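Asker: Here it is, the structure in full.
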Amino acid sequence: MKKNRNIFNFSNLKRILVIFLLILISEVFLFNMSFWKTIGCKPVILSDGGITDETGYFSTGKVPINAPVKNVSVILTGLSNTEYASATIYITDEGNAYEYPTPSYNIVPGVDKSGYTNIYPYGDVTDISVTIQVDEGAQAEIESVSVNVHAPFVFKFLRFAILLFLALFINAVFTGTSIHNYCCERNSKLQLSLITACVVFFLVLGYLLVTSNPKCVAAPWLHQTQYQELAHSLDAGTVALQRTVAPELLEKENPYDTIALQAEGIHFHMDCAYYDGQYYVYFGPVPEFLLYYPFYKLTGEDLPNYIAFYAFYSLFIISIFGLLWELVHKFAKQLPFYLYLTLCVAVCFFPNYVYMGGRPDLYNIPIMAGTAFTICGLWLWLRGLSASKAKGVFYALGSLCMALVAGCRPQLLLYSAVALPLFYNEAIRERHLFSKKGLKETLCFALPYVFIACFVFWYNAARFGNGFDFGATYSMTTNDMNTRGFNVNRLAHGLFSYLFQPPVIDSSYPFLHSSNLTTDYMGRNITEFMFGGVFAVNPLLWIIPYALLLKGHRKLSPLAKWLSGILAVAGFIIISFDINGAGNLQRYASDMIPGFLLASVIIWISVLDRANSQCNYDKWSRLVTVFTICGLAFAFLTFIAKGDSVCLLRNNIPLFYNIGSYFKF
């Protein structure tokens, strides 16, 4: 290894001390700039209290100031039937004889500096007024409205700790400390202990993520209870939902034109599969039979969706650590342990997974389940290949996971194609699999696929009379899936949106906004919001075109080339299918992520390992670190962003504005 400087030597300790002092100074002075700027300010009270009227309105009235004004402070004593109040400031000043408003800002009790804001008039303020508004039927009690107050001092320990950790981590990576010499060792008890601790910590973070949106925890929507209703139906001996079908719907020649149904006032159940006069659950049955139905039989209660999502997300996190551990020992002779952990963090909290975790609803459960089983299956296959004993057990469990994908998110089954290069030596060169001497391992590999195929075939036939019919065209969704068809123009626009669409970012919290998906496609296309194409917002993936299309392929072993190539192609095929089959939706991007992300991880591991013996290790280790931090930053932005009605801004106002308070200076 190139790096040998002890992390605790004198020069590095001195650098650590400097970093600590710089972060401390930033917290005390930079993030509390308003406190220091307003020392000596003499407050002027615009109103010493009041209450909003029956329409939810309160105003201080126009107050003459004729002096500089640096800030406005609104203190509330209470709110009724609302979680926040909006304040708007109206000013006349030296440069504006006519009154103008500043942007409104929201006041949330319990949030630091919530009622405080700096203002920037043109010279001295002539007159000023502040209005406070709540929704009709709500009420706000105002203690005081003042200007030129001394801003409060707030030391955010969490912000200080995060910035300090990032600065120290970057210092360790960029200055050649001994973390570069501590490589992954398969039988190291210390490393296994550290991995276990990280997994537990990530599971805790995952639970906090999944429970961050109270609306998704409560799940008050009827269309989100399909898995729970199916558990009741199964208990009654049927796979059809026990929902009433409107007589008018039974008479419709085309019951899947939901726009016409709405126009004609015909009631239907959104996002259910409708076939032969019955409603069914369109989504994959595996979450139902693994979690919802057993939970209902054991407790008599319905399993909440967020718990089901968390179960699969937990399996995903555990499997990522296991899979990357196997990939490291498959494709690297000496990879620093910190780089393994860095890649695990990057994958576990990839923006698309953080987005789904913040919205653990019905739609995201089968996607997360399919992803988790894909990762777990690949991990167990690789573990079987490296094991000296019980190979068949690992093969069987791996194939079981990969086969279960068919009952979660069928298109993700395409990732099973990696079995071709993975087992090439076992099946072709060594002729162990699919031969008499390897009959046991062959059966262990193949039988789970047969078993799950029979289960899925039975379930499909029980619903639609055809074991190969997954019911995609029977969904009562926003458009008629039967006549949607394939269109190259729609595919081209969709590929740009999913892969390369630039994100919309501005300088005001929450920073990230939905991209503009308006195109010149002359037909009906289904689009929701999206936050940017995966290659535009995730630099960790940039190594894929470098390695597979440019000279970087020279750094890869034949197996690494085949695996990363098949994974990337599979991801591309899957998202092409989603574009034409469904449309442009943020959550559907997660279907292609396992392919692109695992391909990039394999390439990163291979490139970093080869760089250890060359003079460019510094470049690659620093790049993967910076790219990971950028990816985590964008994941955070997707968590706080407002894309639709299910977001922190609408569903967890205190948390949204508490996070926003960390960006106030």
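Asker: Take peptides 410-420, 642-652 and line them up by average Cβ neighbours within 10 Å, highest first, as a rough protection proxy.
Answerer: With the highest mean Cβ count within 10 Å placed first, the list reads 410-420, 642-652.
Asker: Under 16 Å from a point placed 7 Å out from the Cα of Asn425 along the Cα-to-Cβ direction: which residues of segment 390-419 have their backbone N that close?
Answerer: Residues 391, 419 fall inside that zone.
Asker: Name the residues whose placed amide hydrogens come within less than 5 Å of the amide hydrogen of His150, ignoring near sequence neighbours (fewer than 5 apart) on the same chain.
Answerer: HN-HN under 5 Å from His150: empty list.
Asker: On to the next question. Could you tell me the largest-minus-smallest coordinate of the C-alpha atoms of segment 341-473 on each of the three principal axes, in descending order and whole angstroms?
Answerer: Taking max minus min along each principal axis of the Cα atoms, segment 341-473 gives 48, 47, 21 Å.
Asker: Once you have a ≥ b ≥ c as the square roots of the Cα gyration tensor eigenvalues for segment 391-547, tell me rounded if a/c is under 1.5, and otherwise prolate or oblate according to whether a/b is larger than b/c.
Answerer: It is oblate, given that a/c is not under 1.5 and a/b is not larger than b/c.
Asker: Angle check, please: helix 226-235 long axis (alpha carbons) against the longest principal axis of the chain (alpha carbons), in degrees 0 to 90, nearest 10.
Answerer: Around 50 degrees separate the two axes.
Asker: I would also like to ask the following. Each residue of segment 583-595 in order: what ³J(HN,Hα) in whole Hz does its phi give by Karplus 6.51 cos²θ - 1.76 cosθ + 1.60, θ = phi - 60°, with x for Gly and Pro?
Answerer: With coefficients 6.51, -1.76 and 1.60, one gets x, 9, 9, 4, 5, 5, 4, 5, 5, 8, 4, x, x Hz.
Asker: Between Cys630 and Phe572, what length in nm is gained on full extension when 0.36 nm per residue of separation is reduced by their alpha carbon distance?
Answerer: Stretched out fully, the Cys630 to Phe572 stretch lengthens by 18.5 nm.
Asker: A further question on this structure: Could you sort Asp469, Asp112 by their accessible area in this structure, using a 1.4 Å probe and putting the largest first?
Answerer: Correct descending sequence by accessible area is Asp112, Asp469.
Asker: Quick one: which residues, 5+ away or cross-chain, put their amide H under 5 Å from the amide H of Tyr275? H built at 1.01 Å from N.
Answerer: Excluding prolines and chain starts, which carry no amide H, the hits are Tyr280.
Asker: So how do 311-317, 363-369 stack up, highest first, on mean other-Cβ count within 10 Å?
Answerer: Top of the packing list down: 363-369, 311-317.
Asker: Three principal axis extents, largest first, for the C-alpha atoms of segment 566-616, in Å?
Answerer: 47, 19, 12
Asker: Right, another one. Can you compute 3J(HN,Hα) from phi for each residue in segment 30-43, using the Karplus curve 6.51 cos²θ - 1.76 cosθ + 1.60 with θ = phi - 60°, rounded to whole Hz and x for Gly and Pro?
Answerer: 5, 6, 10, 4, 5, 4, 6, 6, 9, 5, x, 5, 10, x
Asker: What list of whole percents do you get for P(r) of segment 464-593, with Cα-Cα distances grouped in 5 Å bins up to the one holding the largest distance?
Answerer: 2, 9, 16, 18, 16, 14, 11, 8, 4, 1, 0
Asker: Please express the shape of the chain as an equivalent ellipsoid: the semi-axes are the square roots of 5 times the eigenvalues of the C-alpha gyration tensor, given largest first in whole angstrom.
Answerer: 48, 37, 21
Asker: Okay, next question. How many Å³ per residue does the convex hull of the Cα positions in segment 294-412 occupy?
Answerer: Once divided by residue count, the hull of segment 294-412 is 125 Å³.
Asker: List the equivalent ellipsoid semi-axes of segment 1-110 in whole Å, largest first, each obtained as the square root of 5λ for an eigenvalue λ of the Cα gyration tensor.
Answerer: Computed over segment 1-110, the values are 46, 20, 13 Å.
Asker: Could you work out the per residue convex hull volume over the alpha carbons of segment 588-648, in cubic angstrom?
Answerer: It comes to 74 Å³ per residue, whole-number rounded.
Asker: Let me know the longest stretch in the chain that avoids all GluC sites (Glu not before Pro) found in a DSSP loop with at most 16 other C-beta atoms within 10 Å.
Answerer: 529-665
Asker: Run the accessible area of segment 546-665 with a 1.4 Å probe and give the carbon-and-sulfur part as a rounded percent.
Answerer: The computed percentage sits at 67.
Asker: Roughly what would the spin-label model give for Ile75 and His267, points 7 Å off Cα along C-beta, in nm?
Answerer: Using points 7 Å along Cα→Cβ, the separation is 5.3 nm.
Asker: If Rh is defined by the Kirkwood formula over all Cα pairs and Rg also comes from Cα, what ratio Rg/Rh do you get for segment 26-175?
Answerer: Reported Rg/Rh, Kirkwood definition of Rh: 1.08.
Asker: Moving to a separate point now. Which far-off residues, 5 or more places away or on another chain, put their amide H under 5 Å from the one on Lys62, with H placed in the peptide plane?
Answerer: So Lys62 has HN proximity to no qualifying residue.
Asker: Here is a further query. Over segment 262-333, consider all pairs of different Cα atoms and compute the Kirkwood hydrodynamic radius from their mean reciprocal separation; express it in Å, one decimal.
Answerer: 16.0
Asker: Run the 1.4 Å probe and let me know the accessible area of Tyr657, rounded to the nearest 10 Å².
Answerer: Here the residue's solvent-accessible area equals roughly 50 Å².
The values are calculated or read from the model by the stated rules, or taken from the named source; none is laboratory data. Please read all numbers here as calculations on a predicted model, not as lab measurements. A quick note on method: Cβ atoms are made from the backbone with ideal geometry, for glycine too, and the neighbour counts reach across all protein chains shown. Please note that ligands, DNA and RNA were not included when accessible areas were found on the heavy atoms of the full protein model with its side chains. Shrake-Rupley method; radii C 1.70, N 1.55, O 1.52, S 1.80 Å.
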